[in-house]
Structure formats: C-alpha cells, structure tokens
Amino acid sequence: MARSRLLVGLDVLVAILLAFVQIQIAGNLLKDRPGFAFAFVAACLTATVLAATVAVRRRWPFQALVAALAVWIIAYVTGALWGAYVAVALALYTVAVTEAPRRSLRALAICLAGAPVAVAVDPLHGWVAAAWGTAAAWLLLGGTWFAGRTVRDRRLAALQAERDRAHQILVDERLRIARELHDVVTHGMGLIAVKASIANHIADDRPEEAREALRVIEATSKGALTEMRRLLGVLREPDESALAPSPGAAALPELAERVAAAGVRVELTIGDAYDLPEAVQLTAYRIVQEAVTNVVKHAAPARCQVTITRTATEARIEVTNDGAVVPAVHPNGGGHGLVGMRERVAMYGGVFTAGPRPDGGFTVTATLPHQDRESE
C-alpha cells in the first residue's frame, strides 16, 4: 500500500512537471502571434488535461490512454499544444505493464495510427516537420510500449519463479513428512507384527512370554503414536518451538532396546555423534531405524552392529547384520525403505550403499556431509 501511494505521488509530480514544461514551451511559441491570450489559455487547459491523464494512469490505465490520445489529436488540430504525445507515451507504458498482451498491442496500434493523423493536421507546420514529428512520436510510443512489456514479462517471470519456489517447498515438505511417516509406521508396525506372531504361537504353551510380547507391542504402539502425533503437529502447528524435539543420536539406545525385544540384538558405537547438527542426527537416526527395521522383518533373529563416526566434514553411518536371510531388494534399487534412505542421503549430497555381505547378512552405509559446529 505504501509503495502504491509513493508511485501515485510520483505520477502526480511527473504530471505537474510535464504540464509546467508544456506551458512554458507554448508560451514561448505563442508570444509573438496574434490572439496570444486566448491561445495561451487553451494551451494551459490542454496541458492540464494531459497532466491529469498522467496522474491517474495507474488507476485507470486504458481510460487514461484513450483520453490522452484524444486530447493529443485535438491539441494538434487546434495548434494549442506541442509535444502532447509524451503524455500518451506515459499512459501507453502503463497499459503495456498492466494489460494483457493483446489488449496492449491493440492500444499500441491505435496510438501509432493516430500519430501521423495528429501531426498531419497540424496547421502550424509543413509536411517535412510532420514527417519528423511522426517519426519521433512513433519512436517514443514504440519504445515506451516495449519497455512496459519488458517490465510486465519480468514481473510475471518473477511471480512464476516465486510460485515455483513455494510449490517446491511444499513438495519437499510433503516428501519429508512422507519419509517420516514411512519410517515411523514401518518401524512400529514391523515390531508389532513380529511380536504378535510370536505371541500367537506361544500363547498356550508359554503364556508369560506371550504377555511379554504383548507388553512390547503396547510400548511400541505407544511410541509410534507419539511420533505420529508429532508429525501431525508439524502439519497443524506453524510455531515449530511448540513441537517436540526430533529424535537424534540420544534416542538410538532406546531404539536398540525396542528391536531387542523382536530378536535383534543391536550393538551401538556412536562416538561423538551427539555433537552433530540436529538435522544430521535426525537423518542418521532414521537411516538406522529403517535399517534395523529391515533386519527385524527379514533377518531376525540376528545381531546388528550400528556404527556412527564423525569428522569435521562428514558423518558416516554403517549398519551391518549377520542374519541368514538377505532383505529382498526391489529391481529398481530397493523397496520404499531403501529408496527413502537413499533420498535422505541425497538431500545432503552424500553417498549411500546397501547390499548383501559376502559372508551373509546385509550392510547399509551412508555418508552425510555437514558443517562442523565448531567452525560455524
């Protein structure tokens, strides 16, 4: 709003300046001619009307152009004013900026057609002067129209770029949330499915172990629901400070305890990964979570080794298991879990590999470049 008022104020100043200049020129040209007073008053009125079209051109661009064009022709027919096409050019510029291309092109054609008519009927100049005047008018009108179209195209390009950026942010956020939901649901449901299967087989013969399996199911489902509520909070709550912290390296021991109940013993070697940036810790946690979930689903019971090493420029995550069964690999490079891990690593420009070990089991490795906090 403030910028709009500033531009309108600038138009008013330009209109006043244009009227002043045109009146001065008219006074100098008419001072030695008979009937000076009447001709000078007519010139002042004509200059004032043209200035008014310039002052209101942003609010009513096309109407201002039509009015300026009409006054221009009248001014040249009566000989009341010279250089009136300057106001027409300013109004035409606004039309080119604000109106659709076809509409502004029609306006240009009308103005170009009106220029020789206006100059040709000027009673005070000959044909040579009329030709030069027409050429000058065409040059100014065409130049201002082209400038207006250029400004319009740039504004539209900037607006489209902003829309594309906003759309890409939305897509990236949805993809991030989809990954989070996949990791939460897959991990939780995988453990629940394994323990439910165990409980179903031993319910009659070993009720105590069945109850232990049900306790694991209860704890796992509660944890999954908590994380899902956090993710839904991201969708609802614009204030990120109100959200629970994202899981990081400190949450890995709890993850190891949960999967141990499903028959996968996890050995953690975390080192100083607690000092990694929060986003990197979250990515590392999700990669480990997905990897050990795959072990639970495809290779349990098994032993799993999780190692996270950190340097000043990168974090390396390695998850290996010695299970007898190798996780199924999709022909295109992995199921949703491996694809999700690969995409997470790609966001950092890192390196991701996953494949069977020569002596059995499976290995997942990921390298995440990062900026050391101490160097920030």
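The values are calculated or read from the model by the stated rules, or taken from the named source; none is laboratory data. Everything numeric here is computed off the predicted structure, so don't read it as measured data. Cβ atoms come from the backbone with ideal geometry, glycine included; neighbour counts cover every protein chain shown. Accessible surface is based on the protein model in full, side chains and every heavy atom, while ligands, DNA and RNA are left aside. Shrake-Rupley method; radii C 1.70, N 1.55, O 1.52, S 1.80 Å.
Here is how the numbers come out for the structure above:
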{"item": "Tabulated pairs, segment 60-81, first over 20 Å from Tyr93 (Cβ atoms), second open to solvent by 50 Å² or more (accessible area, probe 1.4 Å) and part of a loop (DSSP other than H, G, I, E, B), C-beta under 8 angstrom, 6+ apart or interchain", "result": "Tyr76/Val121; Val77/Val121; Val77/Pro123; Gly79/Pro123; Gly79/Leu124"}
{"item": "Qualifying residue in segment 67-77 (condition: among the aliphatic types (A, V, I, L, M), part of a loop (DSSP other than H, G, I, E, B), farther than 23 Å from Leu6 by Cβ and at pLDDT below 85)", "result": "no"}
{"item": "Subset tally (residues that are touching a helix residue (DSSP H, G or I) at 6+ places or on another chain (Cβ under 8 Å) and open to solvent by 80 Å² or more (accessible area, probe 1.4 Å)) for segment 134-145", "result": "1"}
{"item": "Residue among Ala87, Ala96 that is within 20 Å of Ala26 (Cβ to Cβ) and crowded, with 19+ Cβ neighbours inside 10 Å", "result": "Ala87"}
{"item": "Test: residue in segment 253-261 that is over 26 Å from Gly360 (Cβ atoms), assigned to a helix (DSSP H, G or I) and open to solvent by 10 Å² or more (accessible area, probe 1.4 Å)", "result": "yes"}
{"item": "Flag for Ala64 being in contact with a helix residue (DSSP H, G or I) (Cβ under 6 Å, 6 or more places away or on another chain), under 25 Å from Val97 (Cβ atoms) and at pLDDT 85 or above", "result": "yes"}
{"item": "Search result, residues across segment 298-319 that are more than 39 Å from the chain's Cα centre (by Cα) and not small (Gly, Ala, Ser)", "result": "His298, Pro301, Arg303, Cys304, Gln305"}
{"item": "Among (1) at pLDDT below 90; (2) within 23 Å of Leu50 (Cβ to Cβ); (3) among the hydrophobic types (A, V, I, L, M, F, W, C) - the single one Ala147 does not satisfy", "result": "(1)"}
{"item": "Selected residue [open to solvent by 50 Å² or more (accessible area, probe 1.4 Å) and over 41 Å from the mean Cα position of the chain (by Cα)] from Val12, Val49, Val56, Val71", "result": "Val49"}
{"item": "Residue in segment 51-58 that is at pLDDT below 85 and assigned to a helix (DSSP H, G or I) present", "result": "no"}
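Here's the yes/no breakdown for (1) at pLDDT 85 or above; (2) in contact with a helix residue (DSSP H, G or I) (Cβ under 7 Å, 6 or more places away or on another chain); (3) acidic (Asp, Glu):
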| position | (1), (2), (3) |
| --- | --- |
| Val319 | yes, yes, no |
| Asn332 | no, no, no |
| Gly337 | no, yes, no |
| Gly340 | no, yes, no |
| Arg344 | no, yes, no |
| Phe352 | yes, yes, no |
| Asp359 | no, no, yes |
| Val364 | yes, yes, no |
| Pro369 | yes, no, no |
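Matching residues to (1) within 20 Å of Val345 (Cα to Cα); (2) modelled with pLDDT under 80; (3) of a type outside the set (Lys, Arg):
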residue	(1), (2), (3)
Arg230	no, yes, no
Ser241	no, yes, yes
Pro245	no, yes, yes
Glu257	no, no, yes
Ala262	no, yes, yes
Leu282	yes, no, yes
Ile287	yes, no, yes
Asn294	yes, no, yes
